[in-house]
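What follows draws every value from the coordinates through simple rules; no lab data is involved. Just so you know, these numbers come straight off a predicted model, no measurement behind them. Because the Cβ atoms are built from the backbone with ideal geometry, glycine has one as well, and the counts that use them run over all protein chains shown.
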Amino acid sequence: MWTKAGEAMRIAILGREFRFTLLGLGVYGLLLALLCSLGFWQLGRAEQKRQFLQQQQAAIEAAILDLNRQAVMDGDAVRYQNATVTGRYDGAHQFLVDNQMLDGKPGYFVLTPFLIDQEKRAVLVNRGWVALGKDRKVLPDVSIKTEVQRINGRINHFPPVGIKLKGAEIPTDGWPAVVQVVDSRVLAAKLTYDLYDFQIELNADAAEGYRREWKISSTIPPEKHLAYAVQWFGLALTLTGLFIWISSRKRSEHTA
């Protein structure tokens, strides 16, 4: 039963009494709700990562997509799927995606437009990573042959960035053009022809490419999210134990 003793409350459970204030009970309830919500959030993130990895693996194992025969309307739907396309590189108009780190060194990703045979559209092919030179004003030589050929690679989003600053999607004048953030519409306007809204990561064994180490997994695996969830639920359990112990201790001191 509940009784009031000043601002403190007393409750009897299984022959024992516990004493606490309404403020203490409120703080405990809020902290418990916060810790449990964080635990369930991590469980949700773990499930999302599992689904993501399953979709990624399914796309990798799917049939090779021929861009000459099938136009892609939704890049997200075919992300990580292997693709093949016949056409030629537009070697005179290439882009260098700046601020790309590899092994702790700064550099560029080389994006070369690939004009699809018998179409008025191109796809940007990521030919890999090149290191930044000693003088930023001197751009790397990324020249390439432009005869008709068939290339193979993996469909993916454009290289990500940490913080997108205003104007970062605007390429520099001249060629190759340096850009911080890839926006296919902005680059298409500079090229004066249409672009797909995704890139093809050139296969590692393909010719005329640079360093290519395409990742196929999530940054944080599902198991790590589960470990985080266990930690949050463990803290909630510890908080509950401390609350019970402190309330019981205060009651013992009061009755003494």
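Any idea what the relative contact order of the chain is, in percent, if you count C-alpha pairs under 8 Å spaced at least 6 apart? Could the numbers behind the result be given before it?
Numbers: 425 pairs, mean separation 61.9, N = 256.
Once divided by the residue count of the chain, the mean separation gives 24 percent.
H93: net charge of surrounding residues, Cβ under 13 Å, Lys/Arg +1, Asp/Glu -1, itself excluded?
0
Calculate the dipole size of the chain relative to its Cα centre from +1 charges on Lys and Arg beta carbons and -1 charges on Asp and Glu beta carbons; express the result in debye to the nearest 20.
Roughly 1200 debye for the chain.
Fully extended, how many nm does the chain gain between W214 and A58 (0.36 nm per residue separation, minus their Cα-Cα distance)?
54.5 nm
Once the Cα gyration tensor of the range 81-202 is diagonalised, what are the square roots of 5 times its eigenvalues, in whole Å and ordered largest first, as equivalent ellipsoid semi-axes?
Output for the range 81-202: semi-axes of 22, 15, 15 Å.
Can you tell which of V186, L202, W175 lies farthest toward the positive end of the dipole of the range 155-233, using +1 and -1 charges on the Cβ of basic and acidic side chains (Lys, Arg; Asp, Glu)?
Towards the positive end, the residue furthest out is V186.
Starting at the first residue of the range 122-132, write each ³J(HN,Hα) from the Karplus equation 6.51 cos²θ - 1.76 cosθ + 1.60 with θ = phi - 60°, in whole Hz, x for Gly and Pro.
The phi angles translate into 10, 10, 7, 9, 7, 8, x, 9, 10, 6, 6 Hz.
Once phi is turned into ³J(HN,Hα) by the Karplus curve 6.51 cos²θ - 1.76 cosθ + 1.60 with θ = phi - 60°, what whole-Hz value does each residue of the range 104-118 show in order, with x for glycine and proline?
x, 10, x, x, 10, 9, 9, 9, 10, x, 10, 6, 6, 4, 6
Under 15 Å from the Cβ of K145, count the other residues' Cβ atoms, weight Lys and Arg +1, Asp and Glu -1, and hand me the total.
Neighbour charge sum, excluding K145 itself: -1.
What dipole magnitude, in Debye to the nearest 20, does the range 81-202 give about its Cα centre under +1 on Lys/Arg Cβ and -1 on Asp/Glu Cβ?
Once rounded to the nearest 20, the dipole reads 140 debye.
Near L111, within a Cβ-to-Cβ distance under 14 Å, what is the net charge of the other residues, with Lys and Arg +1 and Asp and Glu -1?
Counting the neighbours of L111, the net charge comes to -4.
Sequence neighbours fewer than 8 away in the same chain don't count; with that in mind, list the lysines whose C-alpha is under 27 Å from K164.
K49, K105, K134, K137, K190, K215
Considering only the range 81-202, what is the antiparallel percent among its DSSP beta bridges, to the nearest 5?
Numbers: 27 of 35 bridges.
Given both bridge residues lie in the range 81-202, the antiparallel proportion sits at roughly 75 percent.
Under a GNM of the chain (C-alpha, springs under 10 Å), which listed residue has the highest mean-square fluctuation: W175, W41, W245?
W245
Based solely on its DSSP helices, what 222 nm [θ] is calculated for the chain when runs of n ≥ 4 H residues each add -39,500 (n - 2.57) and the sum is averaged over all residues, nearest 500 deg cm²/dmol? Numbers along the way, then the final one.
Values: 3 runs with 82 residues, N = 256.
Computed ellipticity for the chain at 222 nm equals -11500 deg cm²/dmol.
Pick out which of R19, R50, R211 has the largest mean-square fluctuation in a Gaussian network model of the chain, springs linking Cα atoms closer than 10 Å.
R19
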